[in-house]
């Protein structure tokens, strides 16, 4: 695969990953001024549509269904559906926690069976030694756990919704549902920053791997 095609594919993947989240934030913030407390349900419905479009795009354009995207879509549609049907936002609050923990457990669980799911997902983009794939997998598994804990911290301190005060980790802290919703931007920034922080190890060991292959061919 040419580098241009790889880059285009990564750009399309980035769009399907962040597109639904950005749509959720926009619809929520606009909706707060139009439908008030119902904004969370409109934003949830928009997010469900966005994930469905991302899944359809993967099937029609990329001719494949990435496992992580499928898992995310199932959870988003299930929890989003319960949120709208029961008119209870607690399901959409905890959804990111469930998704991130599931990602982490899938990565670590596959390691237990001698399979590196991170290499299976991204091995077509980067050529790295197995040791580096293991390091990256562990790093991302731990980062997903951090994101799960961060989301728990955010939603448990919402003070203008259905969240009980007893759910708070720190009694003196509280903020609005809008703070939690827009906190997704912080999570996106953290994820982007973490991905950038891993670029040096990718580049350094990809060069080493390619050099080893060239020496073997010679």
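Read-outs throughout are calculated quantities, based only on the coordinates presented, and are distinct from any laboratory measurement. Predicted model, so just to flag it, every value in this text is computed and none were measured. In this analysis, Cβ positions are derived from the backbone assuming ideal geometry, glycine residues included, and neighbour counts consider all displayed protein chains.
Picking from 140, 155, 169, which is most flexible by a Gaussian network model of the chain using Cα springs under 10 Å?
169
Let me make sure I get this right: for region 87-137, a, b and c are the square roots of the gyration tensor eigenvalues over alpha carbons, sorted descending. Under 1.5 in a/c it's rounded, otherwise prolate if a/b > b/c, else oblate. Which is it?
Prolate, since a/c reaches 1.5 and a/b exceeds b/c.
Going by alpha carbons, how many degrees (0 to 90, nearest 10) lie between the helix axis of 199-217 and the longest principal axis of the chain?
On a 0 to 90 degree scale, this one is about 20.
Run the simple label-point estimate for residue 149 and residue 131 please: 7 Å along Cα→C-beta, distance reported in nm.
2.8 nm
Tell me what the chain gives for mean residue ellipticity at 222 nm when only DSSP H runs of n ≥ 4 count, each as -39,500 (n - 2.57), the sum divided by the residue total, rounded to 500 deg cm²/dmol.
Value at 222 nm, helices only: -26500 deg cm²/dmol.
Taking the Cβ of each residue in 165, 177, 127 as the centre, tally the other Cβ atoms inside 10 Å and list the residues starting with the fewest.
Ranking 165, 177, 127 by Cβ neighbours within 10 Å, fewest first, gives 165, 127, 177.
Fewest Cβ neighbours within 10 Å first, please rank 119, 63 accordingly.
With the fewest neighbours first, 119, 63 line up as 63, 119.
Calculate how steeply helix 90-112 sits against the longest principal axis of the alpha-carbon atoms of the chain, using the helix alpha-carbon long axis, and give the answer as 0 to 90 degrees to the nearest 10.
20 degrees
Tell me the relative contact order for the chain as a rounded percent, counting alpha carbon contacts under 8 Å between residues six or more apart.
Once divided by the residue count of the chain, the mean separation gives 16 percent.
What is the calculated FRET efficiency for residue 68 to residue 164, with r their C-beta to C-beta distance and R₀ = 45 Å, to the nearest 0.05?
In this case the efficiency is close to 0.90.
Taking every alpha carbon pair in the chain, what does the distance histogram look like in 10 angstrom bins from 0, in percent?
Answer for the chain: a P(r) of 7, 29, 34, 19, 9, 2, 1 percent.
Give the order of 64, 204 when sorted by the count of other beta carbons within 10 angstrom, beginning with the fewest.
Least crowded to most crowded, the residues run 64, 204.
Using only Cα atoms, tell me the angle between helix 3-32 and the longest principal axis of the chain; keep it within 0 to 90° and round to the nearest 10.
It is inclined by approximately 10 degrees.
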